Amino acid sequence: MDLALAKLRKELAAKGYRRGSYYIGRLPVADGHCILHVEGTYEVFFFERGHKFDLVSFEEAPAAIKLFKERISGGYFQKKQEY
C-alpha cells in the first residue's frame, strides 16, 4: 500500500473513525467512500453497486487525502457513537 494511504489509515483509526464506512487502498464489498492509488493516480470516489460515483483524480496524495477527509468528515461516517 502507498505510504501516504497507510498513514491516513492509521490516522483515521486513531481518531475513532468508523471502520467499514470508508475504504483506503481497496474497493468495498458493497459500498462506501474510497481512496485508491492506481497507476500513479490517486482516486477519491463513492463506490456503489460496482460503480465509482463522484470520482475525482489527483496526481498528488495530499490533495486526494484532503478531499477524502472532507467527504467522510460528517454524520454517520465520522466517529463511533459513545453510548
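Picking from residues in the stretch 1-19 that are more than 20 Å from residue 42 (Cα to Cα) and without any contact (Cβ under 8 Å) to a residue 24 or more places away in the chain, the one that is surrounded by the fewest Cβ atoms within 10 Å (Cβ to Cβ) is 14.
Selection of the stretch 20-52 for residues being assigned to a loop (DSSP other than H, G, I, E, B), on the phi > 0 side of the Ramachandran plot and touching a residue at least 12 places away in the same chain (Cβ under 8 Å) yields 20, 25, 40, 49. If you filter the stretch 1-45 down to residues that are under 10 Å from the mean Cα position of the chain (by Cα) and of a type in the set (Lys, Arg), you find that the one that is nearest to residue 69 (Cα to Cα) is 9.
Within the stretch 53-74, the set of residues being in a helix (DSSP H, G or I) and surrounded by 11 or more Cβ atoms within 10 Å (Cβ to Cβ) comprises 61, 63, 64, 65, 66, 67, 68, 69, 71, 72.
Here, each number is a calculation from the coordinates, and none is a lab measurement. Note that the coordinates shown come from a computational prediction; the quantities given were computed from them, not determined experimentally. A quick note on method: Cβ atoms are made from the backbone with ideal geometry, for glycine too, and the neighbour counts reach across all protein chains shown.
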